[in-house]
1. Out of the residues in the range 113-129 that are modelled with pLDDT under 95 and hydrophobic (A, V, I, L, M, F, W, C), which is surrounded by the fewest Cβ atoms within 10 Å (Cβ to Cβ)?
2. Condition test on GLU401, is it closer than 17 Å to ALA100 by Cβ, at pLDDT 95 or above and either polar (S, T, N, Q) or surrounded by fewer than 17 Cβ atoms within 10 Å (Cβ to Cβ) (or both)?
3. Pairs needed: first member in the range 473-499, on the phi > 0 side of the Ramachandran plot and buried (at least 17 other Cβ atoms within 10 Å of the Cβ); second member anywhere, of a type in the set (Asp, Glu) and in a helix (DSSP H, G or I); C-beta distance under 9 Å; at least 6 residues apart or different chains.
4. In the range 381-394, is there at least one residue being among the hydroxyl-bearing types (Ser, Thr, Tyr), closer than 23 Å to TYR119 by Cβ and surrounded by fewer than 21 Cβ atoms within 10 Å (Cβ to Cβ)?
5. Quick one: in the range 223-261, which of the residues that are in contact with a Gly (Cβ under 7 Å, 6 or more places away or on another chain) and in a strand (DSSP E or B) is farthest from PHE340 (Cα to Cα)?
6. Please work out which residue is surrounded by the most Cβ atoms within 10 Å (Cβ to Cβ), limiting yourself to the range 281-306 and to residues that are within 20 Å of the chain's Cα centre (by Cα) and either among the aromatic types (Phe, Trp, Tyr) or assigned to a helix (DSSP H, G or I) (or both).
7. Kindly indicate whether any position in the range 335-349 is polar (S, T, N, Q), under 25 Å from THR143 (Cβ atoms) and in contact (Cβ under 8 Å) with a residue 40 or more places away in the chain.
Amino acid sequence: MSHELTPQSGASGFSDREPCSRETTRREFLQGSAAMAGSLLAGPAGASFAAAQTTAKRPNLVFFLGEGQRFDALSIAGNSILQTPNHDRIGREGMLFRNAFCTNALCAPARATLLTGLYSRTSGALSNEHLNIPLPADIPLFTDLLRETGYEIAIVGKVHTHNGVEERNWDYYFGHNSPGNNYANPFFKEGRNGKMGEERQYEKVYPDDLAVDRALDWLRTRKSDKPFCLLVWFVAPHEPFFRARRHFDLYRKTVIPKPATFDDDLKGYPGKPACFAAAKNKIGTTPEHESAGSHEGMVKDYYAGLVAVDENIGKVFQYLEEKNILDDTAILHTSDHGFFLGEWRLFDKRLMHEPSIRVPMMIRYPKRIPAGTIREEQILDLDVAPTLLDLADVPIPKHMEGKSMMPLAQAADPTFRKEWYYQYYEWPNPEGVRPHRGIRTEQHKLIHYTMEPQEFEMYDLTADPGETENLYGDPRHAEMQKKLWDHMQELQARVPQGPLFSGITALPERS
């Protein structure tokens, strides 16, 4: 198998135009269904729909979003150091997914996917750049659709999506568009009823504590009997991993185990491509990331941040119980992406390896989900928006590229998703991680680094869950390698290109 790259241009260093016979334009893709945001309540049919939703009792919705929270950064997932009783309650009393993933492991693109149900490639939210460009107005957020059908909607915390989605009509907004925040004296904008105030700084308060307190104040002062949808998106434990003052003594005597691959750098990163070894996302290597200067310190601070998150989740649980509406509220928890905690001496995310792309996923709603439900299906961030719409009994637009997880509450589905497509775009970036794309099946993974010189990784995840034996180029696995490449091309071809692809050149086609 040979590969050639065309000359490169554009901020991302590449694009991925598939054969014209398979290419779908974004306009064609969104036509009809995206217009739903402004038409659900228009006309007699829309009025009937709205009336039906007003009389039927629909659940409140709470969506907790972790910031770089790994799939195993939960005690319910078997973490023996970190204790997260309030997180765990969601999974213990609801449905827990053991195989959940993001499709672009970077903050802003992942958050746009969660809001729109669209791949980065389709929405145009490719990277953390272009944050002053709003998401296209013809792409509805799932919260827009909820508001059109009678919900009050609010978002608090780290929004970090194109232009902070501030131009959307929130009933309450208390957020910021920064990758992290000033942990000691944080910055937020506050808005009500679609009107946004100026950004201001708050002194001597932990940002997530402040955001959750503001969310609870909004809930307590609401005059409406409409159902609500509250998005609580945490800052912690984003770098620089500052702790809340009450947690300064956590883990002083705790020993942090070193991952088995931590010292692979001393061995020349056996089996890994040269671009993997050359990237700067290594613990203790770069002055731009002083908080990732030591493995043990970084992990302890990361865990301490998640303890603060867990406490704030507990405050929301307490409010729902005090108001006797806990079981009338569907609660979903996931994360924007995972995080390396020393595997191959790495920190950060971006790469398509398991610690970076795996995320927690749990839903609690006893009226539709039996407690203790555990599922093994491959779930994606694309599925969150359709799931929340399903819970609210709102029609899921045809353009959304995920699907509701709710049928899995009743029975496992071995046909749910067998393989899926990943793509990371940002270039250049501070960590020097090259753009790449890939396919993950239930057993295998192929990663294609798309810039010259092209490089590859391929793993049998059943035999090698730690991704230590790169099978790419091994003649014994040539048939599987070709199959994965072909399927990756097919999956990519099904995803329309968004508006920010103009001027970016093509990825190679297999020859």
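The values are calculated or read from the model by the stated rules, or taken from the named source; none is laboratory data. None of these values were measured; they are calculated from a predicted model. Backbone-built Cβ (ideal geometry, glycine too); neighbour counts: all protein chains shown.
1. LEU126
2. Working: closer than 17 Å to ALA100 by Cβ: yes; at pLDDT 95 or above: yes; either polar (S, T, N, Q) or surrounded by fewer than 17 Cβ atoms within 10 Å (Cβ to Cβ) (or both): no.
No; evaluated as a whole, the condition is false for this residue.
3. Within 9 Å, no pair qualifies.
4. Initially, the range 381-394 is screened for residues among the hydroxyl-bearing types (Ser, Thr, Tyr), giving 387.
Of the ones still in play, those that are also closer than 23 Å to TYR119 by Cβ are 387.
Adding the requirement that they be surrounded by fewer than 21 Cβ atoms within 10 Å (Cβ to Cβ) leaves none.
Among the residues of the range 381-394, not one is among the hydroxyl-bearing types (Ser, Thr, Tyr), closer than 23 Å to TYR119 by Cβ and surrounded by fewer than 21 Cβ atoms within 10 Å (Cβ to Cβ), which makes the answer no.
5. Filtering the range 223-261 for residues that are in contact with a Gly (Cβ under 7 Å, 6 or more places away or on another chain) and in a strand (DSSP E or B), the one farthest from PHE340 (Cα to Cα) comes out as VAL232.
6. At the first step, the residues of the range 281-306 found to be within 20 Å of the chain's Cα centre (by Cα) are 281, 302-303, 305-306.
Imposing the further condition that a residue be either among the aromatic types (Phe, Trp, Tyr) or assigned to a helix (DSSP H, G or I) (or both) reduces the set to 302-303, 305-306.
Numbers: TYR302: 25, TYR303: 24, GLY305: 29, LEU306: 24.
Here the residue is GLY305.
7. From the range 335-349, those polar (S, T, N, Q) are 335; that's our starting set.
Remaining after also requiring under 25 Å from THR143 (Cβ atoms): 335.
In the following step, the residues that additionally are in contact (Cβ under 8 Å) with a residue 40 or more places away in the chain were identified as 335.
Looking through the range 335-349, at least one residue is polar (S, T, N, Q), under 25 Å from THR143 (Cβ atoms) and in contact (Cβ under 8 Å) with a residue 40 or more places away in the chain.
Per-residue answers, yes or no, for (1) modelled with pLDDT of 95 or more; (2) among the hydrophobic types (A, V, I, L, M, F, W, C); (3) buried (at least 21 other Cβ atoms within 10 Å of the Cβ); (4) part of a loop (DSSP other than H, G, I, E, B):
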{"site": "LEU131", "(1), (2), (3), (4)": "no, yes, no, yes"}
{"site": "PRO134", "(1), (2), (3), (4)": "no, no, no, yes"}
{"site": "LEU146", "(1), (2), (3), (4)": "yes, yes, yes, no"}
{"site": "ILE153", "(1), (2), (3), (4)": "yes, yes, yes, no"}
{"site": "VAL156", "(1), (2), (3), (4)": "yes, yes, yes, no"}
{"site": "HIS160", "(1), (2), (3), (4)": "no, no, yes, yes"}
{"site": "ASN163", "(1), (2), (3), (4)": "no, no, no, no"}
{"site": "ASN181", "(1), (2), (3), (4)": "no, no, yes, yes"}
